[in-house]
Amino acid sequence: MTGAEGQSGGAAVPAAPPAPDEVKTSRLLGTLGVGGAVAGVLLVIAFGLTLPTIEANKARELEVAVKEVLKAPARYETLYVVGGALARKVPDGTDPKKIERVFLGYGTDNQRVGFAMVSAEAGFQDLVKVIFGYDPKTKQLLGMKVLESKETPGLGDKIEKDQAFVSQFAGAQAPLVGIKTGKRSNPREVVMITGATISSKAVIRIINSALKRLGPLVDAYPQEDKG
Amino acid sequence: MSGEVSPADLHCGAHGASAGVGPRRAVPPGEDLVKGFWRENPVLVQLLGLCPTLAVTNSVANSAVMGIATFFVLVGSSLLVSASRRFIPNEVRITSYILIIATFVSIAEMALQALVPDIHKALGAFVALIVVNCIILGRQEAFAGRNPVGRSVLDAVGMGSGFMIAMLIMGSVREVLGSGTFLGVSLFGPGFEPWVIMVLPPGGFFTLAFVLLTVAWFKRRKALKAREAERHDVAVVERAA
Amino acid sequence: MGDLAWIFLSSMVVNNFTLMLFLGLCPFLGVSGRIDTAIRMGVADTFVLIMTAVAVWFLNAFVLPSAPYLRLIAFIIVIASLVQVVEMVIKKLSPALFRALGIYLPLITTNCAVLALAIFQTNREYGLLEGVVFAIGSGAGLTLALLVMASIREGIELADVPEVAKGTALVLLIAGSLSLAFMGFAGLLSAS
Amino acid sequence: MSNPSLLITASPHLAAGDSTPKIMWTVVASLAPIVAVATYFFGPSAPLVMAAATAGAVVTERAFDRRGTLHDGSAVITGILLGLTLPAGLPLWMAFTGGAFGIGIGKLVFGGLGQNVFNPALLGRAFLQAAFPVAMTTWPVPAAGGWWSLRGDIFALPFASPRALETVTGATPLGRMKFDLQATPLLDLVLGTTSGSLGETSGLLILLCGGYLALRNYLNWRIPASIFAAVAIVATGLHALDPARYPGAAFMLFSGGLMLGAMYMATDLVTSPVTNPGCWIFGAAIGLLVVVIRIWGGLAEGVMYSILIVNAFVPLLNRWTQPRLFGSAGRTVRS
Amino acid sequence: MRLGGVSERRRRFPPRGTESPVWNHLKFRHGVHPPELKDLTARIAIRRVPYPDEVVLHLRQHAGKPARPVVKAGDRVERGDVLGEPDGYVSTPVHASAAGTVEQICLWPHPDGSYAPAVRIAVDRYSPQAPRPRLVPDWMRLEPPELVEAIRQAGVVGLGGAAFPTHVKLAPPKDQVVDTVLINGCECEPYLTTDHRTMVEYPERVHLGLRIMMRCLGVTRAMIGIELNKPDAIAAIRRTLPSDLDVTVLGLEVKYPQGAEKMLIKALLDREVPSGKLPLHVGVVVQNVASAATIAEVFETGLPLVERIVTVTGRGVKRPSNLIVPVGMKLRDLIDACGGFTADAREIVFGGPMMGFAQAHLDTPLVKGTSGVVVLAAAETKPTVSYPCIRCGHCLDSCPVFLNPQLLGQLALKERWEEMETNHLADCMLCGCCGYTCPSNIPLPQLFALAKVALRRRPAPV
């Protein structure tokens, strides 16, 4: 009997007595069809109503993050990684959301401030997603913000919340080196959080590997904008 | 439908949930509403829908939002199921229910994403998982599918509130102990040492276990007292006779 | 390769569906009384998870980009039909296996682990291979948790558990302890 | 002829002479030197912390156990063992909570002595580790400060965070190895003059005390033997691959809680397999997990988690390693 | 000679079932080492006790069906007269152990703790206790079936404790090939020295009995296994070894229960008796030393089994002794013959302390299977309090048949008898090793005995 329950599509019912079953099958299909149509309409309406807000939320969130790690630039533009180089536009026919992006920030004087990059790797518990600002001219970081993490509350999540840790990244020299305790002796060092070494190291590793991957592209991006 | 067991029954009924009372005896409308609050509380008594009760209750805000979303889906789908119960052929009953529920869940998810993006992010996949919350499918099977609209909505409101009550109990205990805050407001000042475990997965299991232990303890005490009283009555009657 | 290993270990132990993410708790509480049923449930679950991973990858790659709002409905209907198809195929190919797994298959339709797998797989943008490894890891994790819980519960039948703790409360306490123990796997393979 | 008042008991009428309380109290006695050394290294904080953990365990056992089995000494063992795994500066109320949790959730809900699945002391410690991760990973350095100085804000009020005292703290040898690739001299490890929890630092002493129990057959020697063997073999193999990254067997064996865990925690009679082949597998699995967690996991130390995880598998191990019935080809499997 | 013997045996009689490595030879695995406590009586010569005023002969003296009484109150009987006829094949007659008058046939305390029908005989105080004159057959002229019948008529049973009728063992079904007779001289129970003294004082009788049994079975090979803590017994048996027989005398590790049939066969022949089967299945018949000596006596004197050698020992008795005692002598008289109780006597056990039964009545008479009476002093008795099982596993390490007494005990406490059966409760021989080692003092053998009873009483499947 359990088999009858799992039947998701009425079409799966085997035909036994022809005449009444014909009616029944059509009715089953009809009901499902009507139901599906109603559901579809409801969903489309809801989707239409909420989509702008959702997109706006996402954009705002990203904007806040980019501005934070690029030291509040006047404006920023989105660049796409296309064929091993950065480009302003995506090739036609591809979904821009599926392409890795880098954000280029400009100061009030229309001078480039730096690039913001997003990257994610495994942390202590699960993936850690980080955005950071980077100035290719000085090879310095401008700031770092953890976008997503499930690190241990009270310990690992200090990578998000501990200002002493987060603030070190502004002005740090790439590539970064994590140190255990004490004072930073050079700008490449980042003092890790006591008791949350793995999470701290994950952030450093994410930044280093993102720079290894995206740094050449950023360096190769034309120095001056034409226009 | 006698003799048939729905997936919802099988799947959650394995640990002895009584899936609804059925329409046999006349019940006052208040009863439909109130029974879900405590006596037939879907979580604490029927042990249904434990996944969200454990997974998202690490803060009061998350629990409340999850509770509201579930409430919305439950009431909405009960209304729709009850209203259209005469048009749905028995064979595609479950499929139709799931379709209806999934629609409401999708709507709820989009609404949450638009209105409270932070909490939506914290709840993660669990909003979508309301679809498979056995409380909801269970109520459609046990109640909304065979009762008039009014009673079904009352029942859904009652059960939804019961779920919310359980969520809030869990959320309060876990947030207060685990972060020292309630709805993000610090309760004890900075000197408080949070019990981090309470907001971690094991804390979820332990908290629910403790809530169930407390419920069981009260029930047992009540039963003992009732037995005591009965014995007393018998003694009185015997003495009288 | 390292990524696949991480996906496997992460989904099996570090972020074990049952013990860390609370997914699939209903069968965990309901079907964990006997070892053989637990194993069968776990195997059936794993099987459906793998099928789902493939189907969801297909949906995500070809169908859903044009209608994202139908995602949830599509998933749940695909899972339900998949379970149905799997049931019919097993019934035809191996009646013995069907007898062993039969009653567990419909249960899986409403098992939140399967839907959760579909959603996680989508959110994390896993490819086909990654998705399948994820499904195998998750299934192995579910089976492991079920097996361990079942063996413990069989043993506890002989213990003098206090009256108030009998039943779900004790199972939850054991699950909590297991969850506590599995925290030891945190950070596996992610340390540099 | 005077007729004696006759006693009627079932056969056998002789007993080997051990009794459960005797075993338990002997274990307690064998822990005395370890407690003394902890006190020598960490000053008065050590006995206070251990006393608090023991009090938590004993009070809970007394309050909730219906059969009044306090005198069998098992709660005292749990308390002392838990205390030995705590850092010297842990606030007393936390130690007390750990003891109470270990006995309450680790033992009493299963029905008391002999019925539990997880080692109560380790469950209490895992609870503390998850609940108070910072306090549980603040390791005072043994030799620093005067003997009489407290090693942390151990008198913090219940539910209050410990204040930071001027105590010298340091990383454990495993932490240093894992995060800084710094080795610690073996002699320090063996003697115990390193940072770490109260009772796990002095490997040699624990080996001696545990060895005594093994001689009395109060612990199954196969368990520590297989743990040591597994750790040593895997560690040696890895060390041969990359000596700079993977420490050698001696370091692995004598660092962290391995000695205490192998000798006193894994060998807990209740939570280890009843069959000898089961014990071999049990120990080997623990040893293997310890190395895996220490080297590839996110934690520097993995003994506690390894033992708890393998504890959960003990019912399965018992089932799979039933002895082969005399005069039969098959095992005495429970069907 | 021993090791050479092993390899030669292995060539001639390859063990059935599992092969086991050479280092397993001449011993069995597991078991326990209780204190031997045999010094009290090991060097005390056997002496005969004076006849008591009354003997009580139980009709159930043996395993199997009780005998049917053929006397009535008031009958005069001579020593050796039949009191009860065997009832069925697995049954033996019971003979009067002293001349006198039958007083009564009534229920009387049995050493197993129950009340059972018994014949009370008031002993004729002035009788010479000579048996009624009868013809003693020459065993050498008897054919095996006649020998077996003679042994049966003499009421011979296994004297090691189980009291299984000897004639059943000596007449195996035709399809069973027996190649070896084993004589069990282990006496592994602490305290007891009955077999020990028999071997030291009557080694020729043991050999004669063995010879008769070999003739009954048509077997040419025999072995005598003796624990190594009885060097004088080994020496005596070896010294008197007949040269015309293929008999090997082997010293065995001192370990309990070395004297259990299956363990003895394992140790001597490296054959494992399959679970649920008898020694016959691996071609072996095992007989106790005392049984062999009794068979010899039957054909030497013509007297049936009416007396046996009993060790009365323990710190609770003033003069521990090895005695020749008429069957049916009451415990009270026996203790009197040994000087009475000491002040701290506390518990009386029939049989050895590992498997024996504690006695509640001083009127309980000896039966044929009673190999010893141990009076334990208060200090020796076990504590009566038991603790929860702590899963130490000592019981598994001691069980000679490789059961899991820990699991069985837990199941028994929850009265899950059927599960105990699937866990091979039937193979438990109640040797007591698990109970001996259990630090929590859980009465495991008692629980298993209860479970066996419960399973036997369970209604037959329809």
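Things worth noting here:
- Among residues of the stretch A:62-80 being touching a residue at least 24 places away in the same chain (Cβ under 8 Å) and among the hydroxyl-bearing types (S, T, Y), the one that is surrounded by the most Cβ atoms within 10 Å (Cβ to Cβ) is A:Y76.
- Hits in the stretch D:157-214 (condition: within 14 Å of chain B (Cβ to nearest Cβ) and not aliphatic (A, V, I, L, M)): D:P158, D:F159, D:S161, D:P162, D:R163
- Among residues of the stretch D:272-302 being surrounded by fewer than 24 Cβ atoms within 10 Å (Cβ to Cβ) and among the aromatic types (F, W, Y), the one that is nearest to the other protein chains (Cβ to nearest Cβ) is D:W296.
- Residue match in the stretch E:137-148 (condition: within 25 Å of E:L362 (Cβ to Cβ), in contact (Cβ under 8 Å) with a residue 24 or more places away in the chain and within 20 Å of the chain's Cα centre (by Cα)): no
- Meets criteria (in a helix (DSSP H, G or I), touching a Pro at 6+ places or on another chain (Cβ under 6 Å), outside the structural domain of D:G196 (by TED's automatic domain parsing) and under 16 Å from D:M265 (Cα atoms)) for D:T54: no
- Pairs where the first residue, in the stretch B:197-218, is more than 7 Å from every other protein chain (Cβ to nearest Cβ) and within 12 Å of B:A55 (Cα to Cα) and the second is part of a helix (DSSP H, G or I) and among the small types (G, A, S), C-beta under 6 Å, 6+ apart: B:M198/B:G178
- Residues of the stretch C:146-171 classified as in contact (Cβ under 8 Å) with a residue 60 or more places away in the chain and buried (at least 23 other Cβ atoms within 10 Å of the Cβ), total: 5
- Filtered residue count, the stretch E:378-398, keeping only those that are more than 7 Å from chain D (Cβ to nearest Cβ), touching a strand residue (DSSP E or B) at 6+ places or on another chain (Cβ under 6 Å) and surrounded by fewer than 21 Cβ atoms within 10 Å (Cβ to Cβ): 1
- Yes/no for A:K161 being at pLDDT below 85 and within 14 Å of chain C (Cβ to nearest Cβ): no
- Search result, residues across the stretch A:91-124 that are at pLDDT 80 or above and of a type in the set (D, E, K, R): A:E100, A:R101, A:D109, A:R112, A:E121
- Of all residues assigned to the stretch D:12-26, none qualifies as being within 16 Å of the chain's Cα centre (by Cα), at pLDDT 90 or above and under 20 Å from D:T201 (Cβ atoms).
- Residues of the stretch B:86-131 satisfying the condition of being polar (S, T, N, Q), at the interface with chain A (Cβ under 7 Å from one of its Cβ atoms) and either out of contact with any helix residue (DSSP H, G or I) (no Cβ under 6 Å at 6 or more places or on another chain) or not in a helix (DSSP H, G or I) (or both): B:T95
- When the stretch A:95-117 is filtered for residues that are under 18 Å from the mean Cα position of the chain (by Cα) and farther than 28 Å from A:V203 by Cα, only A:D95 remains.
- When the test is whether a residue is at the interface with chain D (Cβ under 7 Å from one of its Cβ atoms), of a type in the set (V, I, T) and part of a loop (DSSP other than H, G, I, E, B), E:V401 passes it.
- Among the conditions (1) surrounded by 15 or more Cβ atoms within 10 Å (Cβ to Cβ); (2) part of a loop (DSSP other than H, G, I, E, B); (3) polar (S, T, N, Q), the only one that A:Q168 does not satisfy is (2).
- Matching residues in the stretch E:339-364 - criterion: being touching a helix residue (DSSP H, G or I) at 6+ places or on another chain (Cβ under 7 Å) and either within 22 Å of E:V156 (Cβ to Cβ) or more than 10 Å from every other protein chain (Cβ to nearest Cβ) (or both): E:D363, E:T364
Residues checked against (1) under 21 Å from the mean Cα position of the chain (by Cα); (2) away from chain D (no Cβ under 14 Å); (3) under 30 Å from D:E61 (Cβ atoms):
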| site | (1), (2), (3) |
| --- | --- |
| C:V78 | yes, yes, no |
| C:V85 | yes, yes, no |
| C:S94 | no, yes, no |
| C:G141 | yes, no, no |
| C:A145 | yes, no, yes |
| C:I156 | no, no, yes |
| C:V161 | no, no, yes |
| C:K166 | no, no, yes |
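- Test for A:A87: is it surrounded by fewer than 17 Cβ atoms within 10 Å (Cβ to Cβ), away from chain C (no Cβ under 14 Å), in contact with a strand residue (DSSP E or B) (Cβ under 6 Å, 6 or more places away or on another chain) and without any contact (Cβ under 8 Å) to a residue 12 or more places away in the chain: yes
- Test: residue in the stretch D:76-99 that is surrounded by fewer than 19 Cβ atoms within 10 Å (Cβ to Cβ) and at pLDDT below 95: no
- Just one of the listed residues (D:I80, D:I105) is assigned to a helix (DSSP H, G or I) and either in contact with a Cys (Cβ under 6 Å, 6 or more places away or on another chain) or at the interface with chain C (Cβ under 10 Å from one of its Cβ atoms) (or both), namely D:I105.
The values are calculated or read from the model by the stated rules, or taken from the named source; none is laboratory data. Every value quoted in this text rests on a predicted model; they were computed, and no experiment measured them. All Cβ positions, glycine included, derive from the backbone under ideal geometry; neighbour counts span all protein chains shown.
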